[in-house]
């Protein structure tokens, strides 16, 4: 994405890119400290709470990895029978939190989300 356009337009563009990934049902862009920047889903999901919890999950996974001598995780995953939540970095300040169909190819989805995250990091 070019550097032109308003922040709102840029966020909307990235949200559209994320939900276009096969298997992604909905998503949110969240700051590292849990502030919701943008989302694709409607308000029945508590967007503010979802953003804060996702930021907490990735921070906790980074701390746990550090304790056992691992490098910083590329992404975090929460999985149930029917859905997954995948959280990846969107540059140094943002996170992508994607709600993904449980039957989706996790390697493909995470690879695409990491690509989009790199693009977000270079733009926002």
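The values are calculated or read from the model by the stated rules, or taken from the named source; none is laboratory data. None of these values were measured; they are calculated from a predicted model. Don't worry about glycine lacking a Cβ; one is built from the backbone with ideal geometry, like all the others, and counts go over all protein chains shown.
Just one of the numbered conditions (1) surrounded by fewer than 15 Cβ atoms within 10 Å (Cβ to Cβ); (2) more than 18 Å from residue 121 (Cβ to Cβ); (3) out of contact with any helix residue (DSSP H, G or I) (no Cβ under 8 Å at 6 or more places or on another chain) is not true of residue 9: (2).
Look at the stretch 33-62: where a residue is surrounded by fewer than 17 Cβ atoms within 10 Å (Cβ to Cβ) and a partner is modelled with pLDDT of 95 or more and assigned to a helix (DSSP H, G or I), sitting 6+ places away or on another chain with Cβ atoms under 7 Å, you get 33/55.
Do the conditions hold for residue 44, that is, is it out of contact with any strand residue (DSSP E or B) (no Cβ under 9 Å at 6 or more places or on another chain), at pLDDT below 95 and under 23 Å from residue 124 (Cα atoms)?
no
A single member of 29, 77 is part of a strand (DSSP E or B), in contact with a strand residue (DSSP E or B) (Cβ under 9 Å, 6 or more places away or on another chain) and more than 18 Å from residue 11 (Cα to Cα), and it is 77. Among the numbered conditions (1) within 26 Å of residue 7 (Cβ to Cβ); (2) modelled with pLDDT of 95 or more; (3) within 12 Å of the chain's Cα centre (by Cα), the only one that residue 59 does not meet is (3). Checking the stretch 67-89 against the condition returns no match, with no residue being touching a helix residue (DSSP H, G or I) at 6+ places or on another chain (Cβ under 7 Å), surrounded by 15 or more Cβ atoms within 10 Å (Cβ to Cβ) and in contact (Cβ under 8 Å) with a residue 60 or more places away in the chain.
Here 104, 98 are screened, and the one residue that is more than 16 Å from residue 32 (Cβ to Cβ), in contact (Cβ under 8 Å) with a residue 60 or more places away in the chain and under 9 Å from the mean Cα position of the chain (by Cα) is 98.
Condition check: surrounded by fewer than 19 Cβ atoms within 10 Å (Cβ to Cβ), without any contact (Cβ under 8 Å) to a residue 60 or more places away in the chain and assigned to a helix (DSSP H, G or I). Does residue 115 satisfy that? Judged against the criteria, residue 115 is a match.
Mind listing whichever residues of the stretch 1-26 are more than 25 Å from residue 108 (Cα to Cα) and either assigned to a helix (DSSP H, G or I) or under 13 Å from the mean Cα position of the chain (by Cα) (or both)?
7, 8, 9
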